[in-house]
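Novice: Mind having a look at this structure? Questions to follow.
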Amino acid sequence: MKASFATELTGVVAITLLVVLAAAAWSRPQPAAEAPSAGYKVLAPISHKNLTIFPVVAATTHDTRMFLTLDEGLRSGEVVITEAGQVQGLLRRRRGTPLPPRRDGAEVNRLVLVNNSSRPLLLLAGEIVSGGKQDRVVGKDRIVPPNSDPVDLSVFCVEPGRWVATSATFGGIGSGSVGGIGTGAYATPMAQPSVRAGAMAKKSQQEVWSEVRNSASAMETVVGAPAAAPLHSTTSYARVMSNEDVQKQVDAVAAPVERSYQSVIGELRRQNAVGVVVAINGELVWADIFASTPLLEKYWPKLVRSYATEAVTRRGKAESASVKEAQAFLDNRNGTRQMVETEPGVFRHTEIVGQGFHAFELASLLPKTGFDVHVSKMAE
């Protein structure tokens, strides 16, 4: 059965409309597993076609107003990202300190970022920046302190066909709309879970490229000719996702969803909604949990589109997982191996490898914090 990609994605993204209708229902007791020790509770799911989203609420939340998102920093100009070879122009020269020698030459898996804001910057793995010599996806969650010196970023290319500079610095994928939403909402798309997994868990450029190709190929099949023709002209994952022809029908649903989104969060705020567990084709694949409802609210528009894209490219039977299964998936972070990276006084990033999963915990070590800002988990 053939259907256009736009029609499929429109239907999938429309799941957020169901959130509006279900918000009142969430205030009533929902069937769920016993309350987890971490204080997270999975609520009854909302399903559309092969995508199922389980809202997650928390016993307590934290004040996250201090954190600057990448989208906010890029829009204000306070955050600058550039190729490694351009780093000298970003350095802060302290009195009496000579500048280091110029380093020329860009690198595929390395970018440099400066946070000129007075607020700490939160970076999430999976956020895509476009520009420079090729589009990149952030490979790991981290916090960049305020008024920072240049910071090396671990990134992966999501545009294998280009190595020619289009701009000196990086930003969103251009003016106008991104993924059906004006850049006032967000500037950097979020890669779908399979692409994020290649960067976060496998840490492999080849795996990331493979997932990018698989996604583009699946989209071309779903869209069909002649609508797929423009997709052949670019190797940019971000630009494939925001193809104008593909997104026109999505905008008709996405725009009103975004306008009503604030009211949805307002309804859920009293229950401390902090994230979601995601199932596709009845299989639990992902979870994103934040430290507060406002932080979830900032990322939700592009997160839901990343889940929707994954559902479209994994088309299958409209099966669903149970609340009990989703709760167990979220609770189980007992791994056989842990890798911890710490920047003293700023953040601690913990990767947990367990039987059939990878989990990632980003804890803030900044003054008056000491809590997990973002937790994500993926099934293998």
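The values are calculated or read from the model by the stated rules, or taken from the named source; none is laboratory data. Computed from a predicted model, the values in this text were never measured in an experiment. Because the Cβ atoms are built from the backbone with ideal geometry, glycine has one as well, and the counts that use them run over all protein chains shown.
Novice: Limited to region 339-380, what total is found for residues that are out of contact with any helix residue (DSSP H, G or I) (no Cβ under 8 Å at 6 or more places or on another chain) and basic (K, R)?
Specialist: Qualifying residue count, region 339-380: 2.
Novice: Could you list, in sequence order, all residues of region 168-218 that are among the small types (G, A, S), modelled with pLDDT of 90 or more and surrounded by 20 or more Cβ atoms within 10 Å (Cβ to Cβ)?
Specialist: Once the filter is applied, which keeps residues that are among the small types (G, A, S), modelled with pLDDT of 90 or more and surrounded by 20 or more Cβ atoms within 10 Å (Cβ to Cβ), region 168-218 yields A191, S194, A197, G198, A199.
Novice: Out of the residues in region 186-212 that are under 11 Å from the mean Cα position of the chain (by Cα) and β-branched (V, I, T), state the one that is nearest to G139 (Cα to Cα).
Specialist: Once the filter is applied, the top-ranked residue is V195.
Novice: Quick test for you: out of V304, V323, pick the one residue that is at pLDDT below 90, of a type in the set (V, I, T) and closer than 24 Å to L43 by Cα.
Specialist: Exactly one of V304, V323 is at pLDDT below 90, of a type in the set (V, I, T) and closer than 24 Å to L43 by Cα, namely V304.
Novice: For residues in region 348-367 being in contact (Cβ under 8 Å) with a residue 40 or more places away in the chain and touching a Pro at 6+ places or on another chain (Cβ under 9 Å), which is surrounded by the fewest Cβ atoms within 10 Å (Cβ to Cβ)?
Specialist: Looking at the filtered set, the residue picked out is L366.
Novice: Next question, about the same structure. Got at least one residue in region 318-326 being farther than 29 Å from D63 by Cα, outside the structural domain of L123 (by TED's automatic domain parsing) and in a helix (DSSP H, G or I)?
Specialist: Yes, there is a match, as at least one residue in region 318-326 is farther than 29 Å from D63 by Cα, outside the structural domain of L123 (by TED's automatic domain parsing) and in a helix (DSSP H, G or I).
Novice: Scan region 368-377 for residues that are surrounded by fewer than 21 Cβ atoms within 10 Å (Cβ to Cβ) and under 18 Å from the mean Cα position of the chain (by Cα) and jot them down.
Specialist: Matches in region 368-377: D372 only.
Novice: Ok, one more. With L91, L74 as the choices, which residue is under 30 Å from I289 (Cβ atoms) and at pLDDT below 95?
Specialist: Being under 30 Å from I289 (Cβ atoms) and at pLDDT below 95 holds for just one of L91, L74, which is L74.
Novice: Based on what the data block shows, is P160 at pLDDT 90 or above, in the same structural domain as L231 (by TED's automatic domain parsing) and not basic (K, R)?
Specialist: No: the conditions fail for P160.
Novice: Let me ask another. Could you list, in sequence order, the residues of region 300-333 that are acidic (D, E) and touching a Ser or Thr at 6+ places or on another chain (Cβ under 7 Å)?
Specialist: E310
Novice: What number goes with the only condition from (1) of a type in the set (D, E, K, R); (2) in a strand (DSSP E or B); (3) within 16 Å of L284 (Cα to Cα) that R333 does not pass?
Specialist: In the conditions (1) of a type in the set (D, E, K, R); (2) in a strand (DSSP E or B); (3) within 16 Å of L284 (Cα to Cα), R333 misses (2) alone.
Novice: Next up: Kindly check whether there is at least one residue in region 263-273 that is in a strand (DSSP E or B), modelled with pLDDT of 70 or more and farther than 28 Å from R162 by Cα.
Specialist: Yes, region 263-273 contains a residue that is in a strand (DSSP E or B), modelled with pLDDT of 70 or more and farther than 28 Å from R162 by Cα.
Novice: Select from region 54-71 the residues that are in contact with a Phe, Trp or Tyr (Cβ under 7 Å, 6 or more places away or on another chain) and of a type outside the set (D, E, K, R) and write down the one among them that is farthest from N147 (Cα to Cα).
Specialist: P55
Novice: Could I ask something else about it? What's the number of the condition V276 fails, among (1) over 22 Å from the mean Cα position of the chain (by Cα); (2) not in a helix (DSSP H, G or I)?
Specialist: Checking V276 against (1) over 22 Å from the mean Cα position of the chain (by Cα); (2) not in a helix (DSSP H, G or I), the one that fails is (1).
Novice: Among the numbered criteria (1) touching a Phe, Trp or Tyr at 6+ places or on another chain (Cβ under 9 Å); (2) assigned to a strand (DSSP E or B), which one does V312 miss?
Specialist: (2)
Novice: I would also like to ask the following. Report those helices (runs of 4 or more DSSP H) wholly inside region 183-242 carrying at least 1 residues which are in contact (Cβ under 8 Å) with a residue 40 or more places away in the chain and among the aromatic types (F, W, Y).
Specialist: Counting at least 1 such residues, we get 205-223, 237-241.
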